[in-house]
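J.: Just dropping this structure here.
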Amino acid sequence: MVIPIIGLSILLVLTSTSPFSLDSNTGCNSHDWDCSLHLPLWVSETEKAAIEDRLEGWTKDLETSGADIAILASCLKKPLRPLWISQKTVIWINEVPDYDSWDFTPIILVSASSTSGVTQHRTTSEFSWNYIPGAGDDEESWARGLSPNLFWNHAYDLISTGPDVCNQKVADIVEKDRVYRARRGQDAPQITIKPSISESSPCLDPLLCSDLSNITISSSDEERGIFWLGSTDLALGSSQIAAECSSNVDCVLNCDQWPISVHHQEAEAYLHLPIVSSKMDRFSLFNNLSSAVNFAKSNLTKGRTLLICCHDGEDISVCVCLAILISLFNDEGLFLASFLCGLLG
């Protein structure tokens, strides 16, 4: 939503501070421009109203920013308006009007990503929306230290390397740039990339070890990719690993969007909860936690081992596992049912 807000803020500044007159080319008076907020259809009225309430403050910030509004005013003949194009957009080439006939200057916003299959729906407390990935607003999680300038300076090299060695190529570029800036006394912090579970040996954050000293993570060569949580009979892994190694555990809780084929014959030994990312449905995890905990309780009470998996074994499955630990285990990592039986027995 950043570009529509910026575009409208510019228009409000132009129409409120610049002495525009009738343009000889378009015959359009700038004071008659459409300065309403245009957003995509999937944005709720509640979110739109919240943006409109803050527009006046953003416009004042732009006015006092020192931006050269006069230069922009001299070249902008029509108001700015964003248009959104995704893979689901249908455009009939022979029906696109001539640009001169448009009463606005379009800002074309393109997403190359596939739109999600999650449909809009209202809940009792919040509005949920369609999510289109690929906005690029969280580059710290995927860019691996690569800045925009570094990317464009090495774009062809990066593209030609292919996916198998792309990460290593990025690391080399980032490190060479860091060394270059460090030798010239410029700010050059060391870039640390967080490894995934599959790339690193199992370990816990030192800050957590004091609170989880009785629960350790282990993995064997025969079960590479399955990570056991101490003596809790709980394990984590990806859905692919679960499909390949399900014979090594008694039951599987699959939190991936897609079902997997497992070796267990008993229906009660396998549960599929298609939980999606919070970006696609913020209540998906919450709505499935009760079923996950009940499934775990039923099987752990019988002394069975439980593998909890999701797409990569690092996100949703971890959240579900934490919910199970909090609900069914004490601070020492002991299963509460077994713990109570020991006290009573």
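J.: Of the numbered conditions (1) assigned to a helix (DSSP H, G or I); (2) open to solvent by 70 Å² or more (accessible area, probe 1.4 Å); (3) β-branched (Val, Ile, Thr), Val90 satisfies every one except a single condition; which is it?
T.: Val90 satisfies every listed condition except (1).
J.: Can we say Lys60 is open to solvent by 60 Å² or more (accessible area, probe 1.4 Å), farther than 30 Å from Phe283 by Cα, of a type in the set (Lys, Arg) and at pLDDT 75 or above?
T.: yes
J.: Just wondering, is there one or more residues in segment 219-230 that are closer than 16 Å to Ser298 by Cβ and modelled with pLDDT of 75 or more? Before the answer, list the steps.
T.: Filtering segment 219-230 for residues closer than 16 Å to Ser298 by Cβ gives none.
Scanning segment 219-230, I find no residue that is closer than 16 Å to Ser298 by Cβ and modelled with pLDDT of 75 or more, so the answer is no.
J.: Is one or more of the residues making up segment 295-303 under 19 Å from Gly225 (Cα atoms) and in contact with a strand residue (DSSP E or B) (Cβ under 6 Å, 6 or more places away or on another chain)?
T.: No; the residues of segment 295-303 include none that is under 19 Å from Gly225 (Cα atoms) and in contact with a strand residue (DSSP E or B) (Cβ under 6 Å, 6 or more places away or on another chain).
J.: Do you know which residues across segment 238-272 are assigned to a loop (DSSP other than H, G, I, E, B) and either touching a Phe, Trp or Tyr at 6+ places or on another chain (Cβ under 8 Å) or open to solvent by 50 Å² or more (accessible area, probe 1.4 Å) (or both)?
T.: Scanning segment 238-272 gives Asp250, Gln257, Trp258, Pro259, Ser261, Val262, His263, His264, Gln265, Glu266.
J.: On to the next question. Taking segment 153-175 only, how many residues are at pLDDT below 85 and open to solvent by less than 60 Å² (accessible area, probe 1.4 Å)?
T.: Summing the residues that are at pLDDT below 85 and open to solvent by less than 60 Å² (accessible area, probe 1.4 Å) in segment 153-175 gives 1.
J.: Here is a follow-up. Given the conditions (1) of a type in the set (D, E, K, R); (2) assigned to a loop (DSSP other than H, G, I, E, B); (3) out of contact with any helix residue (DSSP H, G or I) (no Cβ under 8 Å at 6 or more places or on another chain), and given that Arg304 satisfies all but one, which numbered condition is not satisfied?
T.: (3)
J.: If you don't mind, another one. Filter segment 66-87 down to the residues that are surrounded by 12 or more Cβ atoms within 10 Å (Cβ to Cβ), assigned to a loop (DSSP other than H, G, I, E, B) and among the small types (Gly, Ala, Ser) and list them by number.
T.: Passing the criteria: Ala67, Ser86.
J.: Looking only at segment 246-263, how many residues end up being under 12 Å from Leu306 (Cα atoms) and not hydroxyl-bearing (Ser, Thr, Tyr)? Even if it seems obvious, please write down each step before you answer.
T.: Step one: list which residues in segment 246-263 are under 12 Å from Leu306 (Cα atoms), which gives 246-254.
Remaining after also requiring not hydroxyl-bearing (Ser, Thr, Tyr): 248-254.
So the answer is 7.
J.: Output the qualifying pairs, or none if there are none: Cβ atoms under 9 angstrom, residues six or more apart or on different chains, first residue in segment 253-270 and among the hydroxyl-bearing types (Ser, Thr, Tyr), second residue modelled with pLDDT under 80 and crowded, with 18+ Cβ neighbours inside 10 Å.
T.: Going by the 9 Å Cβ cut-off, the qualifying pairs are Ser261/Ser246; Tyr270/Ser246.
J.: When you scan segment 310-340, how many residues do you find that are over 19 Å from the mean Cα position of the chain (by Cα) and either closer than 27 Å to Trp258 by Cβ or at pLDDT 90 or above (or both)?
T.: 9
The values are calculated or read from the model by the stated rules, or taken from the named source; none is laboratory data. Note that the structure is predicted; figures quoted are calculated from it, not measured. Methodologically, a virtual Cβ is constructed for each residue, glycine included, from the backbone with ideal geometry; neighbour enumeration extends over all protein chains shown. Note: accessible area is taken over every heavy atom of the protein model, side chains too, but ligands, DNA and RNA are not part of it. Shrake-Rupley method; radii C 1.70, N 1.55, O 1.52, S 1.80 Å.
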